[in-house]
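Input: a single structure, listed below in structure tokens.
The values are calculated or read from the model by the stated rules, or taken from the named source; none is laboratory data. Predicted, not measured: the structure shown is a model, and the values here were computed from it. Methodologically, a virtual Cβ is constructed for each residue, glycine included, from the backbone with ideal geometry; neighbour enumeration extends over all protein chains shown.
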Amino acid sequence: MKTALTVAQKILSSHLVEGDPATDPELGIHIDQTLTQDATGTMAYLQFESMDVPRVKTDLSVSYVDHNTVQIGFENADDHDFLQSIAKKYGIVYSKCGNGICHQLHVERFGKPGTTLLGSDSHTPTGGGIGQIAIGAGGIDIAVAMAGGAFHIPTPKIRGIELKGKLPKGCSAKDVILKVLEKFGTKGNVGWIFEYFGPGVKTLDVPSRATITNMGAELGVTTSVFPSDAVTKQFLTAQGRAKDFVEIKADKGAKYDDVYSIDLSKLQPLMAAPHNPGNIVTVKSMKGTKVNQIMIGSCTNSSYRDIRTVALYLKGKHVADDVEVGIACGSRQVMSMLAKDGSLAILHAAGCRMLENACGFCIGAHMSPRTGAISLRTNNRNFEGRSGTKSAQVYLVSPETAAASALTGKVELPTKNPVAAVPSPKKFPIDDALFLYRNTAGKGVKGTEIVRGPNIAPVPKGVPLAERYNAVCAIKVGDKITTDHIMPAGARLKFRSNIPAYAKFVFEAMGDCVARGGEGASSPNFHDVCLANKEKGVANVIVAGESYGQGSSREHAALCPMYLGVKAVIAKSIERIHRANLVNFGIVPFIFDDPKAYEKIAAGDKLELVNVKAAVEGSGQVEVEVGGGQWKFTATTSLSERERHVILSGGLLASL
């Protein structure tokens, strides 16, 4: 009798190359497509180069430039030239500056239901909106996939999110995912896939579904996915890609490991309060709060549907005098449609600033709020300082809430005077002129010279794991430390291709809380402390609380610490992508056996990891002596055979 399967199970089983979902803790899957963006792509392609593969082996690989498009100084422009030359040589499609945001573009032009997509950006699960298994990962994992290797994930559990009813006017997909975040939070979801099903699914268009799967990344899940149905077919047909449609739905009788139901008709407008996407409050509870800045766009809410909705709210009106409103469309296609239907003129007349089709404000690369500002934003993360202004209070809202609030300069309910729903276009304008090398995708051009600016440095490699380590707790941090805390984004991202230079800013956002028990900005910075220890032959250890490594897939948050001599992270819990990145760069991810040890240990404490190699090889448990044997504790790492080999070798590159 045929086993009834969910959508996720169908796609994973058709791509399985290693492991058995019924018995093995880890699965290896074949990857059909990859994507990179410029903040993570340069390192991914440097790693791919080192594998000496003549061309990519995927069905399709796309290199997008969408993060650091404001080219202040030579570094970003040099990286973009490097990326373009790499794409031409190795058979990769190159998306030029200004073309748009990778996730919006990929759903529009390349994503296919039933396929797998691996991206060097944590919001790659956006592709789940059209029925892809789309997963974010570190750049080195993308390099391996482009070289034909499998991608490995913990064998997932699948939570069904049942949608019933239909959204009331003024509510949208952003409110749906905020409701899911309210229920499940931003930690404790590692190893899960969230799959949406039920009669309410058919009421959501593809951009709405993509918003939900995009922000599934904030849950910490492996990915999120919708079925591929008539709505998907209509979208792909309108994009001129009807041939890419495949129907994929859960079988009758398919069982989920857990089910959570949402009645869409009962939802109300929600927002995520500072400084975490899981800190959910109602818009009603914040009504009347003074707002200084409103930013609309990002990979979460930059579709035609989203920006057209904003235009309808603002038609014939003007934004409040004391609020700044910026809008970034997700693609040239969206901008073109807005220009044609008059929306662009409406937004311009309303006093909005039209920004480049790029990630910019979401990562703090521009449009940072003023000191102490309250900023409403439609993007996906509101971590402290991510906007570029540490004192800013950033709230995550829907485009509807953003537009309604822009008119008064105060938080307003979008349900008071809702606008008509934007219908799904029957045909999208197609202009792929800024996608280069489509005709040589998968083939490459022999003899292409790779352009390397002076800021592009060789990729550092790790060294094999030692039997034991004399070490020091180089830093102790708290709960929900994000990859932005570890490696700053914004202006610092221009050093992403130069690890010795970028490593100078590790934990910069933590106020230099090193060697002082997590206090005091007068202490030496993390970079200097670690290098001094490394020169003395002393290993560095990071101690952390719950949910360490939330947020971006930026592998530099593991690669730069590796360069500085970090050999282990000991935490209460570690998020999926960052844990994988730690393993990829030979840093052992340990979990405290007794959380009380975390409370007792202090930054600057001398540590001895007595049996670290034996722990990795088999036992899993390391004994850590503190202060020359004054007290001790244990921590455990749970590794697959593949992960053991990688760490023992000193990282993935060294293990190949």
**Study point:** Criterion violated by I140 - all others in (1) over 21 Å from W192 (Cβ atoms); (2) at pLDDT 95 or above; (3) surrounded by 23 or more Cβ atoms within 10 Å (Cβ to Cβ); (4) out of contact with any strand residue (DSSP E or B) (no Cβ under 8 Å at 6 or more places or on another chain) satisfied
**Key:** (2)
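The rows are residues; the columns are (1) assigned by TED's automatic domain parsing to the domain that holds K494; (2) modelled with pLDDT of 95 or more; (3) under 21 Å from P454 (Cβ atoms).
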{"position": "E18", "(1), (2), (3)": "no, no, no"}
{"position": "I29", "(1), (2), (3)": "no, yes, no"}
{"position": "Q47", "(1), (2), (3)": "no, no, yes"}
{"position": "P54", "(1), (2), (3)": "no, no, no"}
{"position": "K57", "(1), (2), (3)": "no, yes, no"}
{"position": "Y64", "(1), (2), (3)": "no, yes, no"}
{"position": "H67", "(1), (2), (3)": "no, no, yes"}
Practice item. Read through the list (1) within 21 Å of S224 (Cα to Cα); (2) in contact with a helix residue (DSSP H, G or I) (Cβ under 6 Å, 6 or more places away or on another chain), then give the number of the only condition that I101 fails. Key: (2)
Check your understanding: Are there any helices (runs of 4 or more DSSP H) wholly within segment 126-228 with 2 or more residues that are over 20 Å from M271 (Cα atoms), touching a Leu at 6+ places or on another chain (Cβ under 6 Å) and of a type outside the set (K, R), and if so which?
Key -> 139-146
Check your understanding: Across segment 605-623, which residue is farthest from H645 (Cα to Cα) among those that are touching a helix residue (DSSP H, G or I) at 6+ places or on another chain (Cβ under 9 Å) and in contact (Cβ under 8 Å) with a residue 60 or more places away in the chain?
Key -> L609
Point to revise | Members of segment 279-307 that are in a loop (DSSP other than H, G, I, E, B) and under 25 Å from L344 (Cβ atoms) | key: V291, N292, S298, C299, T300, N301, S302, S303
Review point. Among the residues of segment 38-61, is any within 24 Å of the chain's Cα centre (by Cα), more than 22 Å from H103 (Cα to Cα), assigned to a loop (DSSP other than H, G, I, E, B) and touching a residue at least 24 places away in the same chain (Cβ under 8 Å)?
Key: no
**Study point:** Single condition V246 does not satisfy, out of (1) farther than 17 Å from I11 by Cβ; (2) touching a Ser or Thr at 6+ places or on another chain (Cβ under 7 Å); (3) modelled with pLDDT of 95 or more
**Key:** (1)
Revision key, fill the gap. With criteria (1) at pLDDT below 95; (2) surrounded by 21 or more Cβ atoms within 10 Å (Cβ to Cβ), G253 comes up short on (2)
Study note, to complete from the structure: Reported set for segment 408-443 where residues are acidic (D, E) and either surrounded by fewer than 13 Cβ atoms within 10 Å (Cβ to Cβ) or not in a loop (DSSP other than H, G, I, E, B) (or both) is D431
